[in-house]
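The values are calculated or read from the model by the stated rules, or taken from the named source; none is laboratory data. All figures in this text were calculated on a predicted structure; none of them were measured in a lab. With ideal geometry, Cβ positions are generated from the backbone for all residues, glycine too; neighbour counts draw on all protein chains shown. Side chains are part of the model used for accessible areas, which takes the heavy atoms of the whole protein and leaves out ligands, DNA and RNA. Shrake-Rupley method; radii C 1.70, N 1.55, O 1.52, S 1.80 Å.
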Amino acid sequence: MKHELMITAETRVTLGVSEANRLHRYAQAQAEMAACAGRNAVTAGLKLGKLLTELKAATPHGEWGEFFAKDDKLKPRFQFTQQMSNRYMRCYKTAAGRLDNVERILLDAGLCGEPVSELPALVDKVTDGAETPRQMEINLGVIAIRKRTTHDRVKPLGFTGSGNPDGAQALTPMDKLANDLAALNLPPEELERRRHQAEQDAAGLLKQLGTFIDQGYVHLLRLQERELFADSLAAYARKVSDADVQSVRATMDGIVNGTTTL
C-alpha cells in the first residue's frame, strides 16, 4: 500500500507566508548592507582625498608624478592613476569647502579616525546624500554631466523624473542590443546618473508598495478593486520582464521612422 505525505491547503498557506516573510527580511537586510557599504565607500573616498591632499602638499615640487610611474620599482607607487587621485582630492576639497570652520574641523577629525559622532551626517551633508563614490563625484561636480540638447535624438526611457532603467549590464544578446541602442549619444556619466536615479525610483516604489500591503491598506479595497489591483500588478510585472524587448522594438521603430539614428 502506497503512503504519500499529504499537506493541507491551510498548511501550504502557512508555510508560504512564513517563507515570504523570511525572504522579505532577507531582502531588507541585503539592501541595508548594500546601502551601508555604499556609504562606507563614500566616506573612504573622502578619507583618501584628504590623505592624498596632505601627501601632495608634503611632496617636493615636481616629484608627485613619480608616485604614479609604473617603470620606477625603487619607489613606492600608487596602484591607481594620477587622474583618479586628482578626482579624489577634488572630492575632498569641494566637500570640505561646503562646511563652516567648526564643521570642517569635525569632518577632518572624523576622516582621520577620531571618534566623531557627527561624521555620517557631515558626509551626507557635503555629498548631497551620495550612496556611491561615483554619485559623490557627480554631486560634487567632479564628473561633469553633459546636458541634453535638441541634437540628442535618443528618446530617454522611464517614467517622468526617473533615471534610465535600461542601464544594467548586458547578460544576453538581446540585453546587449537594447543597451547599445538606448545608449546612443549618451556618455557613461549620464548613463550612470540615470541608473542611480532608476535604482532610487525602484526602491521608493517597492517601499510604498510594501507599506500599502504590509500595513493592511490593501484590505480597505473592495474585493473587485483588489482583484483589479492584483491584475494590474501582474501586468506591470510582465512589462518589467519584457522591458528589453520593448526597448529594442521602440528603438527599431525610431530608426525606421527616422527619429533615431545609429
- By residue number, the members of the range 168-204 that are at pLDDT 75 or above and either farther than 26 Å from ILE138 by Cα or exposed (fewer than 13 other Cβ atoms within 10 Å of the Cβ) (or both) are ALA203, GLY204
- State all residues of the range 81-101 that are open to solvent by less than 70 Å² (accessible area, probe 1.4 Å) and either in contact with a helix residue (DSSP H, G or I) (Cβ under 8 Å, 6 or more places away or on another chain) or part of a helix (DSSP H, G or I) (or both); if no residue qualifies, say none. SER85, ASN86, ARG87, TYR88, MET89, CYS91, TYR92, THR94, ALA95, ALA96, LEU99
- Message: Name the residue that is farthest from ALA121 (Cα to Cα), counting only residues in the range 57-80 that are in a helix (DSSP H, G or I) and more than 31 Å from the chain's Cα centre (by Cα).
- Response: GLU66
- Query: Taking the stated definitions as given, is VAL218 open to solvent by less than 50 Å² (accessible area, probe 1.4 Å), on the phi < 0 side of the Ramachandran plot and at pLDDT 60 or above?
  - Reply: yes
- Item | Qualifying position, being open to solvent by less than 90 Å² (accessible area, probe 1.4 Å), modelled with pLDDT under 90 and not in a loop (DSSP other than H, G, I, E, B), among GLY110, GLY49, GLY38 | GLY38
